[in-house]
Amino acid sequence: MALIKRDAKAGLIALAQQSVCAFDLIGLKLLGRTSEVDALRTVRDEALAKTEAGREWITLIERIELPIAPLLLDDERLAAKAGKLLARAGQLVTDTKEQVGDGEVDLGLDLLRDLDTRGGADSSDLRADLKAVSALLERLRGLSSPEVLKHLTSRGPRNTA
């Protein structure tokens, strides 16, 4: 059974490497979050992809996704945290009155720390990317979804810290 599970994981990772966006793999296949992934994909394609800063965030997230996918596959607790955050992000992008709360920021920071310590940040580049996302999360506390989108489309990862 362990061999089958390992082969399945290897197959998913190989698929992710060929995918345009491994986010789809993590959100859809690993976490089963179809509506949230669709909402986030729309924001990515219709807002973020249209600005240089937004494209920088897309690139950063795509760099992070592949190395963390095996960690989410191996650890149900990490996958559950990621699933909660994905669900909340889906709510934020569909309801303009919603605000980024302390709870989700703290959960996101906790997940990033876990990924870093669990071996998700084997390279200095990945560590720097995780740090940029952490800095972003801190800046998003209390912002509404339109304010978050404005921030992401006007300030890239290099301008966040």
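Readers should treat all values here as calculations from the given coordinates under stated rules, not as data from a laboratory. Bear in mind the structure is a predicted one, so any value in this text is a computation, not a measurement. Glycine also receives a Cβ, built like all others from the backbone with ideal geometry; neighbour counts cover every protein chain displayed.
Below are the figures for this structure:
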{"read-out": "Between region 90-161 and region 56-74, the alpha-carbon center distance in angstrom", "value": "13 Å"}
{"read-out": "Inter-label distance, nm, simple model (7 Å from Cα along the C-beta direction), Ala79/Lys150", "value": "3.9 nm"}
{"read-out": "Full-stretch length increase - Ala87, Asp125 - with 0.36 nm per residue and alpha-carbon distance subtracted", "value": "10.9 nm"}
{"read-out": "Length-normalised contact order for region 38-161 - Cα pairs under 8 Å, 6+ apart - percent", "value": "37 percent"}
{"read-out": "Net length gained if the chain between Glu52 and Asp106 were fully extended (0.36 nm per residue, minus Cα distance)", "value": "16.7 nm"}
{"read-out": "Overall form of region 71-161 per C-alpha gyration tensor (a/c, 1.5; a/b vs b/c)", "value": "oblate"}
{"read-out": "Coil-residue trypsin sites (Lys or Arg not before Pro) of region 52-161, DSSP, other Cβ within 10 Å capped at 10", "value": "Lys97"}
{"read-out": "Extension gain (nm, one decimal) between Glu98 and Glu62, 0.36 nm per residue minus Cα-Cα", "value": "10.4 nm"}
